[in-house]
Every structure is written in C-alpha cells, then in structure tokens.
Amino acid sequence: GAGVSQSPSNKVTEKGKDVELRCDPISGHTALYWYRQSLGQGLEFLIYFQGNSAPDKSGLPSDRFSAERTGGSVSTLTIQRTQQEDSAVYLCASSRSVLDTQYFGPGTRLTVL
Amino acid sequence: AQSVSQHNHHVILSEAASLELGCNYSYGGTVNLFWYVQYPGQHLQLLLKYFSGDPLVKGIKGFEAEFIKSKFSFNLRKPSVQWSDTAEYFCAVIPRGGSWGKLQFGAGTQVVVTP
C-alpha cells in the first residue's frame, strides 16, 4: 500500500473491556511507532519497534498497554481493562530507520464509555 | 525537563498575510527537526524536515523553516497564506542521542485563515 493503514478507524468500547488496534506500516519500513493524541496531553509517544531489536516501551502509560509486531510488519496495540482516560486517537507511524521521517496513519479513535 | 515549545496555541489571520510559527527545543546535541501539519479531518502529514546542511529548508505548499542552532529554534514561515492553510501545525524533534525514534512533539498551533 501507499501509506500507513490502521484499523478500525473508530472503536467504541465499555469500560473494563479489552481492545486491539491494528497498524500496517509502509512496506519496507523497519521502524514502527505508536503515539496517542488526546486533548489534554497532545501527541505522546507510546512505543516503537526497530527491526528485530527489543521494542522501546518507555512511553506506555501503564501495564494495561502492550504491543507486538509480528514478522517485522503488522503491529497490534492492546489495551486491557480500558478506562475512560484511555479515550484518544491512537496513531501509528513507520519510517525506514529510527532517525528518518515518520509517516503517520489516519489513526484509530477510541472512545471508552 | 527536555521539551519542545510552540509559542502560540492559536493564530488567526487573513488570506495573503504572512505566517510565522515559533518552535524552540531544549535538547542539547544534534537533533532532527520536523514540522507536521494536520488539516481538518485528515492525518498528520510532513511539511518539511531538517537533518543537516543548509539551515533554511523548504517544504511543501510554499512553507519554509529556518534552523538557528544558537537559539535552539526551528521557526516555520509562509509569506502569503491561503484559506486552505487552515490546520494544526506541530513542531517535532528527534534527539540523536538516547531517544532514538521518539518524536517529541510541541503542543501544536491551531491556525485559522479567514477569507
């Protein structure tokens, strides 16, 4: 595909449920990133993957958040036991290397009721 | 704390006016610098970037930015804005040491261009 794709585009869930958000990076990009965009916090880094290295999880806000990247391509961000403060737009980006330009997907808007 | 600061949260201006958005960062050492734009209902798009070389960089849609190392600044400019430039603009930094891959964003500047 031409760009980063994310699914679903919108997700409404009830407090306490688990959710999975998916990201398909640009083909050939070795680095993949997750960010969160919310009204109160702006754009926050969550986690990134670079090749086969261990991911940098330093931005994950709690242990309810986890992510994996299978086969060096698709990534899934999982939020367990969702809380209302998890409501935000979750953005995925990819780049050829960790210093290169990051290209963003359209995001998944998560609403926790 | 290390950070990226954008000077204005909201800017309103008329078509054909000139635009300058300020961005300062507090990271020492070498940085990669970016301006991203988010048009209403659309995803983040790269406007321009600076890695090295000529500190005056040109981007898409007539935008340019100047890196001034001594001032830790990377200000965005456009000589004559159009209504279609209405968007939110984000300055972002990747420090080259110790924070590989983590784009650090400013809070964003909402720009409204009136006809």
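Pairing residues of the range B:4-23 that are at positive phi with residues that are among the polar types (S, T, N, Q) and open to solvent by 50 Å² or more (accessible area, probe 1.4 Å), at Cβ distances under 7 Å and at least 6 apart in sequence or on separate chains, gives B:Ala16/B:Ser80.
Of all residues in the range A:13-57, those that are aromatic (Phe, Trp, Tyr) and over 10 Å from the mean Cα position of the chain (by Cα) total 1. Please count how many residues of the range B:84-115 are closer than 19 Å to B:His10 by Cα, of a type outside the set (Gly, Ala, Ser) and either open to solvent by 10 Å² or more (accessible area, probe 1.4 Å) or more than 8 Å from chain A (Cβ to nearest Cβ) (or both). Number of matching residues: 13. Among the candidates B:Gly41, B:Gly59, the residue that is under 30 Å from A:Val89 (Cα atoms), surrounded by 16 or more Cβ atoms within 10 Å (Cβ to Cβ) and free of Cβ contacts under 8 Å to residues at least 40 places away in the same chain is uniquely B:Gly59.
Restricted to the range B:64-83, and to residues there that are among the hydroxyl-bearing types (Ser, Thr, Tyr) and either in contact with a His (Cβ under 9 Å, 6 or more places away or on another chain) or touching a residue at least 40 places away in the same chain (Cβ under 8 Å) (or both), the residue that is nearest to the other protein chains (Cβ to nearest Cβ) is B:Ser73.
Yes or no: A:Leu46 in contact with a Gly (Cβ under 9 Å, 6 or more places away or on another chain), in a loop (DSSP other than H, G, I, E, B) and within 12 Å of chain B (Cβ to nearest Cβ)? No: the conditions fail for A:Leu46. Of the residues in the range A:37-52, none is over 26 Å from B:Leu46 (Cα atoms) and surrounded by 13 or more Cβ atoms within 10 Å (Cβ to Cβ). Residues in the range A:88-110 that are more than 9 Å from every other protein chain (Cβ to nearest Cβ) and free of Cβ contacts under 8 Å to residues at least 60 places away in the same chain were compared, and the one that is nearest to B:Leu33 (Cα to Cα) is A:Val89. Listed here are the strands (runs of 3 or more DSSP E) enclosed by the range B:7-115 that have at least 2 residues being more than 30 Å from A:Ser7 (Cβ to Cβ): B:10-14, B:19-21, B:23-25, B:31-38, B:56-58, B:64-68, B:73-78, B:109-114.
Determine whether the range A:24-32 contains at least one residue that is outside any loop (DSSP other than H, G, I, E, B), modelled with pLDDT under 95 and of a type outside the set (A, V, I, L, M, F, W, C). The answer is no, given that none of the residues of the range A:24-32 is outside any loop (DSSP other than H, G, I, E, B), modelled with pLDDT under 95 and of a type outside the set (A, V, I, L, M, F, W, C). Across the range A:55-113, the qualifying residues are those that are β-branched (Val, Ile, Thr) and over 15 Å from A:Gly28 (Cα atoms), and the one among them that is surrounded by the most Cβ atoms within 10 Å (Cβ to Cβ) is A:Ile79.
Of everything in the range A:60-87 that is under 11 Å from the mean Cα position of the chain (by Cα) and small (Gly, Ala, Ser), the residue that is farthest from the other protein chains (Cβ to nearest Cβ) is A:Ser66.
The values are calculated or read from the model by the stated rules, or taken from the named source; none is laboratory data. Computed from a predicted model, the values in this text were never measured in an experiment. As a convention, Cβ positions derive from the backbone with ideal geometry for all residues, glycine included, and neighbour counts pool all protein chains shown. In case anyone asks, the SASA skips ligands and DNA or RNA and just uses the protein heavy atoms, side chains included. Shrake-Rupley method; radii C 1.70, N 1.55, O 1.52, S 1.80 Å.
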